[in-house]
Amino acid sequence: MATVETTTTQPRERILGAATALLAEGGRDAVSTRAVSAAAGVQAQTIYRHFGDMQGLLDEVARRGYASYLAAKQAQGEDDDPVTRLRNGWDMHVAFGLANPALYRLLYTEPRPGQQFAVTGAAQQVLLGIVERVARAGRLRTGVEPAAAMIHSAGMGVTLTLIAAQADGRLSHYEGLSESVREAVLDSVLAPAPADDDDVVARPGTGSHSAAVHAVALKSLMRDGVRSLTSGERTLLGEWLDRVAAEDSAAADTGTAGSAGSEAGTAEPGAGSARRP
């Protein structure tokens, strides 16, 4: 059973230490008022005086446990390639979950309106900032917020899957899963890296010539403010850029199928008329 030093540590720190140890050993259900009181050597009233209730205690445990992960995420150099930072951030997220499964479940599987973001919101803002840089570099084919949401939700799903496999002793069965899903998600939101100017072939929907990529990049750059436009004009331009991005991306997705259909029709020009009465 979890115990902490009761002679030299302040009651608040003893309570936090006991709750953290109990969470790691037995999960959320192990962090009861009685268990924390016994491990920390305090009365139940002391817990309530410092944290309000048990949920307040769990929130503080979550904040502290998340702090080291957040610090490492924020420490990534601003000069690094933003796409590389996306990959590194994904790997850090998964590694944090596997190293702290009970804490991760507490953070991501017990959502409470207005509370979860208070703990994880800073990390989500870091992700949004990285995706913003990807957009400004002309490498994003969709909006910043949708791309960040896709990356975050997919990473969370992979992490929870691996945590469950780890608990069952089957983690080795999922080797390569995280990398495969990561690359699939990034492929869906990233535009190809631009080629050298001499080698670029202007093809709709690809590389640096994609209208969607340029529309997303311009909208991202507009976040810094465009003094020559009024607020209403900026809003209207943003809506137009969203439409350009959406239509161009849809055209890129269907272009291959449309070309294939045209080629099929050309291959057998008499097929259609042969069926006419």
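Extending 7 Å from the Cα toward the beta-carbon at both residue 109 and residue 75 defines two label points whose distance is 2.9 nm.
Set the Förster radius R0 to 45 Å, insert the Cβ-Cβ distance between residue 233 and residue 160 as r into 1/(1 + (r/R0)^6), and round the FRET efficiency to 0.05. Step by step, r from the Cβ atoms, then E = 0.55. Close amide H partners of residue 190, meaning residues 5 or more places away or on another chain with modelled amide H under 5 Å apart, are 141. Computed with a 1.4 Å probe over protein heavy atoms only, the accessible area of residue 66 comes to about 10 Å².
Computed with a 1.4 Å probe on the full set of protein chains, the accessible area for residue 168 sits at about 100 Å². In this structure, residue 68 and residue 183 have a Cβ-Cβ separation that, at R0 = 30 Å, corresponds to a calculated FRET efficiency of about 0.65.
Only Lys, Arg, Asp and Glu carry charge here, each on its Cβ (+1 for the first two, -1 for the last two); on that basis region 133-181 has a dipole of about 360 debye about its Cα centre.
The values are calculated or read from the model by the stated rules, or taken from the named source; none is laboratory data. If you're wondering where the values come from, they're calculated on a predicted model, not measured in any experiment. In this analysis, Cβ positions are derived from the backbone assuming ideal geometry, glycine residues included, and neighbour counts consider all displayed protein chains. Areas reflect the complete protein model, heavy atoms only, side chains present, ligands, DNA and RNA absent. Shrake-Rupley method; radii C 1.70, N 1.55, O 1.52, S 1.80 Å.
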